[in-house]
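The values are calculated or read from the model by the stated rules, or taken from the named source; none is laboratory data. Worth saying up front: this structure is predicted, and the values here are computed from it rather than measured. Glycine also receives a Cβ, built like all others from the backbone with ideal geometry; neighbour counts cover every protein chain displayed.
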Amino acid sequence: MKKISFLIMLTVILFSSCASIKDFNYFQDTAAGDVNTVKNAESCITIKPNDRITVLVTSKDLELAAPFNLVSINTTQSRSYTTGTGALNGNSYTQYYTVSQDGDINMPVLGKVKVAGLTRTQIEDKIAELITVSENGFKDPTVTVDYANLYVKMLGELNRPGAVSIDRDQFTLMDAIAKAGDLSVFGNRKNVKVYRMEDGTEKVYEIDLTQRKQLLQSPAYMLQQNDVVYVEPNKTRARQSTSNGNTFLQPSLWISAASLVTTLIVLLKK
């Protein structure tokens, strides 16, 4: 009986350090048919000082829209470019607007337009209205606003850490994780941190990715530009950082352990 107890205890010790499947599975608290609410579900990215955006004004008559653009549009095969930095798109060269510390962009004809605190759609509507009532304006302008340099920093145990661009109005933590190639097998899914600057103060949010309901209720589920997401290493990665941990994970150790268990089983049968 003592031999059997010893064998059981040894087996428990050998395998107790192995990561549980519960450490890896996302959303363990949900099942098919569940309906979960999302906190701040309508929250969209809002523009802040130092952000860069592109603004393109178009119309059925390109000559009417041209004065309102930092873009040189060609209707022929030859291209004429405005000066400055920008991005080449088809037959146009679009310049970026950098939002000032006061929250303004300086547009041709319209002058300073306050955009800080507004979403893309709100900026589009505001500029369209200003063009309509402008002395040199026209009716029914089409205004398109795009993000130029909005991103989130992804650090830690991810398959592709680095800066990921924000490409939609509602950019979630899972969107960012997907762009970073998912967490690595060494990422701690139960304690992902989001660092966010708000009114000169840094706030830290902790999120457990194994709990879907908690995730959807976190203020950090909907990310903002310049957020920093950090995935800390799990216990397996932490063990690898020590000589004992590396030894524990060596195949030779497991071969020896398997040999020991086999020997004990043979002894128990005698």
Q) Among the residues of region 29-63, which ones are basic (K, R) and more than 17 Å from I166 (Cβ to Cβ)? A) K39, K60
Q | Number of the condition not met by A19 [criteria: (1) surrounded by 11 or more Cβ atoms within 10 Å (Cβ to Cβ); (2) part of a loop (DSSP other than H, G, I, E, B); (3) at pLDDT 85 or above; (4) aliphatic (A, V, I, L, M)] | A | (3)
Q.
Can you go through T132, T172 and tell me which one is more than 8 Å from the chain's Cα centre (by Cα) and of a type in the set (V, I, T)?
A. T132
Q. Got at least one residue in region 87-99 being at pLDDT 95 or above and outside any loop (DSSP other than H, G, I, E, B)?
A. yes
Q. Applying the selection to region 196-211, what residues are out of contact with any Asp or Glu (no Cβ under 6 Å at 6 or more places or on another chain) and buried (at least 16 other Cβ atoms within 10 Å of the Cβ)?
A. Y205, I207, D208, L209, T210
**Q.** E42 vs. criteria at pLDDT 60 or above, over 30 Å from Q214 (Cβ atoms), charged (D, E, K, R) and out of contact with any helix residue (DSSP H, G or I) (no Cβ under 7 Å at 6 or more places or on another chain)
**A.** no
Q. For the subset of region 212-261 comprising residues that are at pLDDT 70 or above and β-branched (V, I, T), which member is farthest from T172 (Cα to Cα)?
A. T236
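Test L70 against the criterion of being modelled with pLDDT under 90 and among the hydrophobic types (A, V, I, L, M, F, W, C), and give yes or no.
On the way: modelled with pLDDT under 90: yes; among the hydrophobic types (A, V, I, L, M, F, W, C): yes.
The answer is yes for L70.
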Q. Do we have K48 as at pLDDT 85 or above, under 31 Å from the mean Cα position of the chain (by Cα) and either in the same structural domain as I207 (by TED's automatic domain parsing) or farther than 30 Å from F138 by Cβ (or both) here?
A. yes
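Residues to consider are Y195, Y147, Y151; find the one that is aromatic (F, W, Y), without any contact (Cβ under 8 Å) to a residue 60 or more places away in the chain and within 20 Å of C44 (Cα to Cα).
Checking each option against the conditions leaves just Y195.
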